[in-house]
Amino acid sequence: MYPIVTIAGREVYTMWLVSVAGLLAALCFVLARRRRFGVAQVDVTNAGALGMAGAVVGGKALYLVTAAPILWRARAALLAQPQLLWPVLVSGTVFYGGLFGFLLAAQGYCRRYRLDTCAFWDLYAPAIPLFHAFGRVGCFLNGCCHGIVSERFGVAFPHAAGSASGVPYLPVQLFEAAGNAVLFLALAHFSARCAGQGRALRAYLAAYAVMRFALEFLRGDAVRGVWWGLSTSQWISLGVLAVLCARRVRCARRRSG
C-alpha cells in the first residue's frame, strides 16, 4: 500500500512509524494507570524497555525459523550474492516470537527487583493488544502479512515488496487490528476490575490464541511456516491454549485437594 512515506524530505518506513506510534500509545496508557496497580514509574519504563529489547530478539529469531525453508531453497543464490540476505536480516518479524521475548525479559526484570508480578501484568496486559493493533495497521500499509487472494473483498498492494503487484489480497491485517482493539478495550475494563489478581495476562493469551488460530486460515503470505497443514502461529496458539488449560486444571485440583 504505502510502505514508505516522505517526511521533511526524508523517506521513512511506515511500518516503523506506526509501530513507534503504537509503542507511545501503549506506554502512555500504562503510565496513566500505574498508580492504580501500585507500580512505580521507573519500573514501568525499565521493564518496558527491557521487554521491547526481548521482543525484537524473539520476533526476529522466530521469523528466521519460519523463513528457513525458503532461505534453504534459495541457498545457491544467497551464496552467490550474500547481500541478498541483508533485507531478510533487517526486516520481518513474527509476533509470537516478539511476545514471548517481551514476556520473558519483563518477567526477568520483575523477579530481579521483586515486583508484584500479578499487579505488573494486570497493568501491562491491555497494552500488548493496543501496541499490536497499531502494528497490524503498519503491516497493512507495508503490504506484508496479507490474506488470501480475494477478487471481491481484496485490496491490491502495488508498491509492496511482500506481495504481488496488482493482486487483490484479503486485508486480514485490518481484521487482526480490529480484533486487537476489541481485546484492548475488554482487557482494560477487566484488569481494572481484577487488579492485582494476575488474571488479565492469561485472559489475553487465551483470547489472542483463539483469534490468531482462526485468522491464520485467511492468511496468504508464504513466509510464516506451514507444518502438517497448520501454520507456525497456529501450532503456537494450540500450545498456548494447552498450557493455560493444564494450569487451570492444576489449580482446580489444588483447591479441591
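If we scan the stretch 63-73, do we find a residue that is under 26 Å from Leu187 (Cα atoms) and under 18 Å from the mean Cα position of the chain (by Cα)? Taking every residue of the stretch 63-73 in turn, none turns out to be under 26 Å from Leu187 (Cα atoms) and under 18 Å from the mean Cα position of the chain (by Cα). Might you let me know whether the stretch 3-15 holds any residue that is at pLDDT below 95, open to solvent by 60 Å² or more (accessible area, probe 1.4 Å) and under 16 Å from the mean Cα position of the chain (by Cα)? The answer is no, given that none of the residues of the stretch 3-15 is at pLDDT below 95, open to solvent by 60 Å² or more (accessible area, probe 1.4 Å) and under 16 Å from the mean Cα position of the chain (by Cα). Within the stretch 218-237, the residues that satisfy the criterion of being within 20 Å of Thr93 (Cα to Cα) and not small (Gly, Ala, Ser) are Leu218, Arg219, Asp221, Val223, Arg224, Val226, Trp227, Leu230, Thr232, Gln234, Trp235, Ile236. Can Ala125 be described as under 15 Å from the mean Cα position of the chain (by Cα), in contact (Cβ under 8 Å) with a residue 60 or more places away in the chain and either open to solvent by less than 50 Å² (accessible area, probe 1.4 Å) or under 30 Å from Gln197 (Cβ atoms) (or both)? Here the answer is yes, as Ala125 does meet what is asked.
Those residues that are in contact (Cβ under 8 Å) with a residue 40 or more places away in the chain and within 20 Å of Phe131 (Cα to Cα), I need them from the stretch 213-235; list them, please. If the condition is that a residue be in contact (Cβ under 8 Å) with a residue 40 or more places away in the chain and within 20 Å of Phe131 (Cα to Cα), then Leu215, Ser233 are the ones that fit. Among the helices (runs of 4 or more DSSP H) confined to the stretch 24-103, the ones with at least 1 residues that are surrounded by 16 or more Cβ atoms within 10 Å (Cβ to Cβ) and in contact (Cβ under 8 Å) with a residue 24 or more places away in the chain are located at 41-73, 86-90.
For Leu215, the criteria (1) farther than 24 Å from Gly92 by Cβ; (2) in a helix (DSSP H, G or I) hold in every case but one, which is (1).
When the residues of the stretch 213-257 are filtered to those that are over 30 Å from Cys144 (Cβ atoms), among the small types (Gly, Ala, Ser) and open to solvent by 70 Å² or more (accessible area, probe 1.4 Å), the one that is modelled with the highest pLDDT is Ser256. Condition check: buried (at least 23 other Cβ atoms within 10 Å of the Cβ), at pLDDT 95 or above and either in contact with a helix residue (DSSP H, G or I) (Cβ under 8 Å, 6 or more places away or on another chain) or assigned to a loop (DSSP other than H, G, I, E, B) (or both). Does Phe131 satisfy that? Against the criterion (buried (at least 23 other Cβ atoms within 10 Å of the Cβ), at pLDDT 95 or above and either in contact with a helix residue (DSSP H, G or I) (Cβ under 8 Å, 6 or more places away or on another chain) or assigned to a loop (DSSP other than H, G, I, E, B) (or both)), Phe131 qualifies. Checking each residue in the stretch 128-157 for being free of Cβ contacts under 8 Å to residues at least 60 places away in the same chain and not basic (Lys, Arg) picks out Ser150, Glu151, Phe153, Gly154, Ala156.
It is to be established whether one or more residues within the stretch 107-118 are small (Gly, Ala, Ser) and either surrounded by 15 or more Cβ atoms within 10 Å (Cβ to Cβ) or farther than 27 Å from Leu24 by Cβ (or both). Taking every residue of the stretch 107-118 in turn, none turns out to be small (Gly, Ala, Ser) and either surrounded by 15 or more Cβ atoms within 10 Å (Cβ to Cβ) or farther than 27 Å from Leu24 by Cβ (or both). Taken over the stretch 1-23, the criterion of being among the hydroxyl-bearing types (Ser, Thr, Tyr) and touching a residue at least 60 places away in the same chain (Cβ under 8 Å) is satisfied by Tyr2, Tyr13, Thr14, Ser19. Residue count for the stretch 204-224 satisfying the condition of being more than 16 Å from the chain's Cα centre (by Cα) and either of a type in the set (A, V, I, L, M, F, W, C) or at positive phi (or both): 3.
Checking Arg202 against (1) touching a residue at least 12 places away in the same chain (Cβ under 8 Å); (2) closer than 24 Å to Trp16 by Cα; (3) part of a helix (DSSP H, G or I): exactly one of these is not met. Which one? So Arg202 meets the others, but not (2).
The values are calculated or read from the model by the stated rules, or taken from the named source; none is laboratory data. Please read these numbers as outputs of a predicted model, since none were measured by experiment. Virtual Cβ from ideal backbone geometry, glycine too; neighbours counted across all protein chains shown. For accessibility, only protein heavy atoms count, side chains too; no ligands or nucleic acids. Shrake-Rupley method; radii C 1.70, N 1.55, O 1.52, S 1.80 Å.
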